[in-house]
1. Residues of the stretch 270-313 with amide nitrogen under 17 Å from the 7 Å Cα-to-Cβ point of residue 336?
2. State which entries of 63/132; 419/568; 39/281 exceed 27 angstrom in Cα-Cα distance in the structure shown.
3. Sum up the charges of everything whose Cβ sits under 9 Å from the Cβ of residue 253, counting Lys and Arg as +1 and Asp and Glu as -1, but leave residue 253 out.
4. For the stretch 30-37, take each phi angle, set θ = phi - 60°, evaluate the Karplus expression 6.51 cos²θ - 1.76 cosθ + 1.60, and give the result in whole Hz per residue in order, putting x for glycine and proline.
5. Just tell me which aspartates and glutamates come within less than 18 Å, Cα to Cα, of residue 60; anything on the same chain fewer than 8 places away is out.
6. If each of residue 433 and residue 213 carries a label point 7 Å out from its Cα toward its Cβ, how far apart are those two points in nm?
7. Which entries of 101/373; 226/380; 552/590; 33/228 have Cα-Cα distances beyond 29 Å here?
8. State the extension gain, in nm to one decimal, for the chain segment bounded by residue 240 and residue 476, taking 0.36 nm per residue of separation less the distance between their alpha-carbons.
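Laboratory data are not the source of any read-out in this text; all were calculated from the coordinates shown. What you see is a predicted model, and the numbers here were worked out from it, not measured in a lab. Every residue, glycine among them, receives a Cβ derived from its backbone with ideal geometry; neighbour counts consider all protein chains shown.
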Amino acid sequence: MIRSILLAAMTILLAVFHSFSQTAMTNVYGRNKTSLNGKWEAIIDQFSIGTEMGIFRNRKPTKPTEFLEYSFENGLRLDVPGDFNSQVTELKLYESSVWYKKDFQLKKSTDKRYFIHFGAVNYLAEVYLNGKLLGRHEGGFFPFQFEMTNQLNNGANFIVVHTNNARSADAIPSLKFDWWNYGGITREVFIVETPAIYLQDYTIQLEKNSMKRIFAKIQLSGATSKQKINVEIPDAKIKQTVTTDENGFGEISFDAKLQLWNTKIPKLYDLVISTPFETIKERIGFRSIQTRGTEILLNGEPVFLAGSNVHDEIAQREGRAYSEADAAQLLREVKKLGSNFIRFTHYPPFEPMVRMAEEMGIMIWLEIPAWQKINFENPKTVALGENMLRDLIARDKNRCAVILWSVANETRVSPARNKALSGYIDLVRQLDNTRLVTAAFDNIKYEEQTRTYKLNDPVADKLDVVSVNKYFGWYHQWTDSPENMKLEIAPDRPFIYSEFGAEAQFGQDGDTENAWTWGELYQEKLYKDHVKMFANIANLRGVSPWVLIDFKSPYRMHQRQQDYWNRKGLISDKGFYKKAWYVMYDYYIKMQMPIKK
Ligand code: GCU
């Protein structure tokens with residue numbers, strides 16, 4: 001009894017905590033916005049004492065005997081967006097508080113509402129406007145917003161953001177993860193002006209299992225009476241009107257004759273949604289994604305996911321990716337490999353990357369950073385994961401290129417984990433029943449008598465597509481010759497081999513027998529062996545090598561071979577193609593060749 005009361009209390013607490021930061025409005029890029037990107041003043045606060053010192057007030061001394069032991073002036077300047085680790089040498093390994101401040105002028109209209117929108121802050125954010133707390137947000141890779149209409153001055157204002165990228169056992173991800181813990185205001189910041197009644201959220205996609213019926217769900221904020229909303233897609237000769245209820249919610253579905261988005265011709269339409277108070281536009285595509293037995297069907301046709309695993313990082317800058325140019329650099333490499341699919345690991349990338357991938361016809365897997373050891377025993381942690389799924393789906397649910405939501409990566413089986421992930425899968429289906437749900441597992445077991453690898457995981461049974469990370473030849477020995485390996489993973493469903501690979505230093509041949517040579521020859525042979533193994537897996541419907549590009553990680557401490565780089569990239573941190581890159585290119589290009597009759 002006590003426990004259930006405690007649980008209820010914790011969940012309410014978290015809801016309050018999360019309610020401070022509202023789920024960001026849909027399609028922030030299509031809004032009436034002012035960018036706060038650029039140089040922000042900053043203070044490094046290693047002991048996180050800035051809150052008690054009142055840094056957020058940015059006060060000045062008012063009498064001769066007064067002095068303040070902080071000041072933003074004539075000090076550090078940090079670029080926003082951008083992690084702080086890669087901007088200041090001393091901050092390379094830093095994991096604590098950094099305070100940011102930005103002054104801005106705003107001409108305030110009495111009939112408008114004002115929001116501040118963050119693309120992401122890693123990991124904790126406390127946002128103050130003119131010295132007063134707007135709210136807090138937890139989670140390093142998700143957008144959030146605060147309404148600031150009432151606290152805003154007409155004229156001069158200042159924002160202070162307390163960021164802290166310290167890790168913790170109850171966070172998602174938790175204390176250890178195999179990527180660099182880039183902190184700070186890592187993504188864009190906008191001030192958004194809206195009408196008093198504004199279009200807060202909408203979903204417009206094809207209905208599940210349909211290629212000709214569109215559904216639209218609309219949510220206004222601030223409405224107290226019914227409103228007429230027009231949904232137009234001029235090139236498809238669509239003009240529909242939906243009337244919302246008194247709470248601002250309305251939905252409609254209608255038949256449509258569409259050119260469907262696919263990886264060869266990624267057709268996008270201009271969407272125009274107009275309310276009596278504003279008009280919002282964006283480019284939007286329509287496609288169907290389903291499974292049928294062991295097949296994945298894109299628009300009813302079987303498709304093989306020729307993947308790339310991509311971290312949100314620009315290796316040459318040793319920093320988080322955040323710009324259109326960064327997105328173009330990474331996505332161009334994906335296309336050059338012959339990939340038609342990206343698994344963005346292990347967190348959603350910045351939004352323009354998803355939009356650009358969609359324009360380029362690349363299918364996408366998005367996941368929350370529930371990576372390995374997550375403390376699912378803590379209800380606050382479980383609820384945090386739910387909020388991350390909500391924020392992820394709210395942001396990208398209108399991106400037709402997104403075909404898979406993933407709820408976890410290599411989490412350890414336990415009653416708490418099984419319960420939490422089962423709940424996550426149910427939540428995803430409730431929020432968006434049009435896409436496929438997956439998770440990546442690393443707990444396949446070898447059955448001696450049949451010499452077959454099998455997966456026995458209660459969570460796997462709830463998924464549309466089952467994915468496995470397994471590093472034969474690297475973390476695990478081959479138990480047979482590659483062409484004789486047998487994997488029987490979820491034989492009734494599509495299976496994605498979502499991670500495999502080995503480390504290699506570019507330009508270092510090593511030999512084909514010894515992993516410790518960190519050589520390209522070993523990595524190349526390992527890839528050739530995996531391609532042989534893939535031919536045996538009857539329900540294999542996608543592969544994604546780990547990883548497209550070398551990336552930074554505190555895990556990787558071999559000072560000569562790694563130097564804090566995970567060197568499993570097909571491409572080195574300097575952008576050079578290793579021998580294994582050509583193995584995957586050959587595999588993908590051959591796969592897309594028309595089959596000779
Ligand atoms: C795991 C994990 C990756 C990690 C990789 C590795 O499978 O999912 O995030 O980087 O192994 O060890 O290189």
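1. 308-311, 313
2. Working: 63/132 23 Å; 419/568 33 Å; 39/281 29 Å.
Flagged as over cut-off: 419/568; 39/281.
3. On the way: positive: 213; negative: 207, 251, 255.
Within the 9 Å Cβ shell, the charges total -2.
4. x, 9, 7, 10, 10, 7, 9, 5
5. The qualifying aspartates and glutamates are 41, 52, 69, 73, 103.
6. Inter-label distance under the simple model: 1.1 nm.
7. Check vs 29 Å cut-off fails for 101/373; 226/380; 552/590.
8. Values: separation 236, 0.36 × 236 = 84.96 nm, distance 5.64 nm.
Fully extending the segment from residue 240 to residue 476 adds 79.3 nm.
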